[in-house]
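One structure below.
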């Protein structure tokens, strides 16, 4: 790449998002300023209704903010047309959803190779890389299963493999463990951490899962559409202890 | 952005791959797909049914019509040579000839009409009769208002005058009465034409009488049956009648056949035969049944010959069988010709009513398929939004919907053509029997099938345009919404 990579991969400036439902205006985001550094593992924490998902959508170029700007790799997302947005979604960002969002009519492998085909890879290459990715998430022998024939953890692992298809620099995870039991949730967490370390992808996770805090470089606490505070990992153990104490009668 | 070029490859995604994805979708939503398919099948079946029926009807009408006019040719020709023709009679006989008949051409010398002017002359004959008939069939009240007490000829003669003609048109409009097309154009030359028709008739009758005095027979047919080709050709030449030689030969063959057919019918009318027939075979005797029996059983004809029942007409068994078969065949052809004209009119092709019915049925189908495809898009909004998150271009999403619809249009079109075609052919074969197979319009049907399948394809694709557009414009954020 000829351009010098900037250190900051995602930057938001005063991002606001209003929802207008039947004339009632709800302010989901009230001016978010955030910077995420390359290779960082960031968790976005907050109670439900705090605007986590809205922020996630804004960062992921899935939604347009009412005001404010989102820069991905120093590119203003609002300036991009539909095809350029498609390019960003295809190559720069891997999405992982709470409800997996696999295409049910396709096999596990087909799900993983779809983004590669969108990116212009030919079939054989796509299959080869798809199998490598499935091997990496430990699903090599389930490649020809349909999503509905697999467990939640397996589906989420397929989704992670799919998110990695085009070697994105950002992995956006929207409550990836919310639909999973404790053990599988832990496995997914471990997988994400491993990916962050191995492939060097920036991981941004919106989550309720306190186990995530352990592994995050930074945690962004959101409340009422605003950044409440940002804590670094160094400070976290103490805080976490406080949380644990707070919960214990 | 130079980088976005990579994504353009989506447009080059192998068509087979796209079709495979679309077909997967069809299988997954089988019930709704079957419903859409059903709509296409019914629409195309209706179209192809109407098309096939008309094509078969047209083919039969043309085929049987040609056979029938061949059968009628001798009679039509003979009329011109056998009877005195006053002007209107001449016009009527000329107008009633089938289009493209060789007869008027060969009679131009007799009528004293230029060969170049003949088409116009023939047209005017038809016009004269048509407008006179129109006038005569008007309700008496309307007639009275138009003529103000005059008779038809006086009125039409008066209408030579442009002022009178304007007045006439105005009166007609006030009644109100629709004048037939071309009447106003014809009126100014009507008197002139009547005059030339009278002259032609005079000429014709004089020449015809001279010709008739040379044939020593009851009529042209009888004379042709008895004479040979050279004599006949010589006589025609001598009287400036140019009969094409192949027509002359056909006419003479037919005249001979007719002679024997008439002889057979005369024999069948003999009471002696009827009695003997009843005694021998124990059947009620009538002409039709006897003809069928003779045509089917050679032994009946042999029996007739042995018992010398057909002696008077000098008919042997072979001739009797042939003649009986020919009579029955001629009757069948003429009956079928009448039936087809009664059922389908003289014109070929689709009529306006049918056309509109087809258009309306297609519009209903478009609404139905659009609806079904919209539901399909809504069912898949999550899948579509996910694909957009993975980097699918809007065009790719739209194409997927269009391919799905086109695939169903193609399959539905094919099934529809089969269904509609089979129903139409069965119905026509049931109604018109072996004529359908004899004049089966293979190549027309092939084209018709292609047209019908193409319409099915177009119908489905057209209907899917809006849903495909809606799918392409879907926002990917919808995929996030937890169900």
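Just so you know, all these numbers are worked out from the coordinates, no wet-lab data involved. Bear in mind that the values here come from a model prediction, so they are computed numbers and not experimental data. We place every Cβ from the backbone using ideal geometry, glycine too, and count neighbours over all the protein chains shown.
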What is the gain in length, in nm to one decimal, between residue B:375 and residue B:16 on full extension, counting 0.36 nm per residue of separation less the C-alpha to C-alpha distance? 126.8 nm
Could you work out how far apart the two model spin labels at residue A:229 and residue A:144 are, taking each label as a point 7 Å from the Cα in the direction of the beta carbon, and quote it in nm? 5.5
Per the C-alpha gyration tensor (a ≥ b ≥ c, the square roots of its eigenvalues), segment B:409-483 is rounded if a/c is under 1.5, else prolate if a/b beats b/c, else oblate; here it's prolate
Report, in degrees rounded to the nearest 10, the 0 to 90 angle that the Cα long axis of helix B:15-28 makes with the longest principal axis of chain B. 90
Equivalent ellipsoid semi-axes - Cα gyration tensor, segment B:227-297, angstrom: 40, 11, 8
On full extension of the chain, what length is gained from residue B:151 through residue B:95, given 0.36 nm per residue of separation minus the C-alpha to C-alpha distance? 17.7 nm
Chain A: projected area of the alpha-carbon convex hull, averaged over directions, in nm²: 15.4
Using 7 Å Cα-to-Cβ label points, what is the residue B:356/residue B:134 separation (nm, one decimal)? 2.3
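I'd like the mean, over residues of A:55-65, of how many other protein chain beta carbons sit within 10 Å of each residue's own Cβ.
So the per-residue partner count for this stretch is 3.
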Kindly provide the helix-only [θ] at 222 nm of chain A, computed as the sum of -39,500 (n - 2.57) over DSSP H runs of four or more divided by all residues, to the nearest 500 deg cm²/dmol? -10500 deg cm²/dmol
Within a 10 angstrom radius of each residue's Cβ in B:380-387, how many Cβ atoms of other chains show up on average? Whole number is fine. 4
Report, to two decimal places, the Cα Rg of chain B normalised by 2.2 N^0.38 Å (N = number of residues). 1.50
Beyond 15 Å, what percent of the Cα pairs of segment A:9-90 remain? 58
Averaged over its residues, how many other protein chain Cβ atoms are within 10 Å of peptide A:78-88's Cβ atoms? 5
For segment B:185-268, what's the radius of gyration and Dmax over Cα atoms, in angstrom? 17.4, 56
Before rounding to the nearest 500, sum -39500 (n - 2.57) across all DSSP H runs of length at least 4 in chain B and divide by the residue total; then give [θ] at 222 nm in deg cm²/dmol. -26000 deg cm²/dmol
Taking segment A:37-126, the whole-percent share of alpha-carbon pairs separated by over 23 angstrom is 37
Given 5 Å bins starting at zero, what is the percent of C-alpha pairs of segment B:103-212 in each, up to the one with the largest pair distance? 2, 10, 20, 21, 14, 11, 9, 7, 4, 1, 0
Given N residues in segment A:82-168, what is its alpha carbon radius of gyration divided by 2.2 N^0.38 Å? 1.00
What is the calculated FRET efficiency for residue B:163 to residue B:83, with r their C-beta to C-beta distance and R₀ = 45 Å, to the nearest 0.05? 0.60
Angle between the Cα long axis of helix B:352-379 and the longest principal axis of chain B, 0 to 90 degrees, nearest 10? 10
With a point put 7 Å past each Cα toward its Cβ, work out how far residue A:194 is from residue A:104 in nm, to one decimal. 3.0
For B:435, B:356, ascending order of other Cβ atoms within 10 Å (fewest first) is B:356, B:435
For segment A:147-235, what does the equivalent ellipsoid look like in terms of its semi-axes, each the square root of 5 times an eigenvalue of the Cα gyration tensor, given largest first in whole Å? 23, 16, 12
Can you give the Rg and Dmax of segment B:258-344 based on its C-alpha atoms, in angstrom? 14.0, 48
Equivalent-ellipsoid semi-axes of the protein assembly as shown, from the Cα gyration tensor, Å, largest first: 93, 33, 21
For chain B, the longest principal axis of the Cα atoms and the Cα long axis of helix B:118-136 enclose an angle in degrees, to the nearest 10, of 90
